[in-house]
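Here the structure is laid out as C-alpha cells; the discussion comes afterwards.
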Amino acid sequence: MAVIREKKRVLIIDDSVVIQRLVQARLRADGFEVATGNDGSEAIELAKNFQPDVILLDIDMPVMNGFDACRALKDNSTTSSIPVIFLSSQTRTEDKVRGLDIGAIDYVTKPFDPVELRARVRSAYRTKYLLELLEQKAQIDGLTGLYNRAFFDARIKEEMERARRYRHSLALVIFDVDRFKRLNDTYGHSFGDVVLAEVAETARLIARQTDVVARYGGEEFVITLPEQTLEGAAQLAERVREGIEELQLRHNGEKISVTASFGVASTIEVGYESIPELVNTADRMLYAAKESGRNRVCVASKEKLQQSELATV
Ligand SMILES: [Mg+2]
C-alpha cells in the first residue's frame, strides 16, 4: 500500500560529485531528503534501502550506465514504481526516446536549469502520489470506505494459505442488513446509502486491526479474521450485531431501527481445502439466521455441520 511520507526523498545516481552536490543543494532547499550514488550498479540497492520517491539517473557512468540501471530498476518489483528522471548531457532525440521507452518518466539535459529541474522532480513526485492514490482507490468501496470484493478475494486467498501452512484457525463472518430492500423502498436510496455507511463503520470500529472488513456486494459484508477461533469470531459478530441494533438512525425526524443477520464459519470446522467451502458455509449460516427470525448470529459448529450434511443426504 502507498506510503505517503511527510518528507519526500530523492536519490541521485551520477558519477560526477559536482553534479551530485549541485542537485543535492537545490533539492534540499525544496524540502527533499537526498541520497547519492556514483554508479548505476548501486541503483537497486540504494533504491531498496532509501526508498526514494524520485530517482535522478545519469546516463554516462563507468560500470553500469543509466539505461541498464533504469531497466534493472523497472524489472525489480520493489523499485519498479519509483519514477526515474534521466539527467544527461546526451541531447540527441534518440537518447531521450530510448530513455523514455525504457520506462523513465522524464529526461533532463545537462547543463540544467535548477528551477526547471526542481519543477520536474515535483511533477514526478505528484504523478507517483496520484498513482498510489488510484491504486488504493481500486481496492476500496466508494460508498462505505471499506475494502471491496476484489480486495477480499485476493486477501482471503493469502490468509487461507497462511492458515493452512501453520494450521491456524481462519474465521469468516458474513452478514447482511435485514430487510434492506424494504428500507430502500420506504425511505429512499440515499437513506439506504447512509444505512450501509453506518453499518460498515460499526463493523470497522469493532473488528481487530488484523481483521479485514469488506463490502461483499449490495447490503452484504464480510469479515476475515485470521488466527481467530469460531467462538472468538462469533463473539465479535455478536458485538457488531449489537452495535448495529444500537445505531441511532433518523429519517425526517423518525427513528429508524436497523438490524443485521450473521453467519460464522472457521477452517477448524470446515477445513483448509477450499475457500468457496468456507464462504458457502458462513453464507448458509447467514441464511439460517435469516430463516430463524433475523437479527442474530448463526455459527457453523461441528454438530450443526454434521446435521446439515445428514439433512442434505
Ligand atoms: Mg556521467
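The values are calculated or read from the model by the stated rules, or taken from the named source; none is laboratory data. What you see is a predicted model; the values in this text were computed from it and never measured. Here the Cβ is made from the backbone with ideal geometry for all residues, glycine too, and neighbour counts use every protein chain on show.
Within the stretch 238-261, residues that are under 21 Å from residue 293 (Cβ atoms) reach partners that are loosely packed, with under 12 Cβ neighbours inside 10 Å with beta carbons closer than 7 Å, at six or more positions or on different chains, in the pairs 256/250. Scoring residue 25 on the criteria (1) under 28 Å from residue 130 (Cα atoms); (2) outside any helix (DSSP H, G or I); (3) away from the ligand (no atom under 12 Å from the Cβ) leaves a single failure, condition (2).
Okay, residues lined up against (1) over 29 Å from the mean Cα position of the chain (by Cα); (2) assigned to a loop (DSSP other than H, G, I, E, B); (3) free of Cβ contacts under 8 Å to residues at least 60 places away in the same chain; (4) outside the structural domain of residue 287 (by TED's automatic domain parsing):
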{"site": "81", "(1), (2), (3), (4)": "no, yes, yes, yes"}
{"site": "97", "(1), (2), (3), (4)": "yes, no, yes, yes"}
{"site": "143", "(1), (2), (3), (4)": "no, yes, no, yes"}
{"site": "156", "(1), (2), (3), (4)": "no, no, no, no"}
{"site": "191", "(1), (2), (3), (4)": "no, no, no, no"}
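Matching residues to (1) assigned to a helix (DSSP H, G or I); (2) of a type in the set (S, T, N, Q); (3) without any contact (Cβ under 8 Å) to a residue 24 or more places away in the chain; (4) touching a Lys or Arg at 6+ places or on another chain (Cβ under 8 Å):
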residue	(1), (2), (3), (4)
117	yes, no, no, yes
132	yes, no, no, no
160	yes, no, no, no
181	yes, no, yes, no
200	yes, no, no, yes
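Taking the stretch 28-40 as the search range and keeping residues that are part of a loop (DSSP other than H, G, I, E, B) and away from the ligand (no atom under 16 Å from the Cβ), which one is surrounded by the most Cβ atoms within 10 Å (Cβ to Cβ)? Only one residue fits best here, namely 32. For the stretch 138-186, which positions are aromatic (Phe, Trp, Tyr) and out of contact with any strand residue (DSSP E or B) (no Cβ under 7 Å at 6 or more places or on another chain)? Result: 166, 180.
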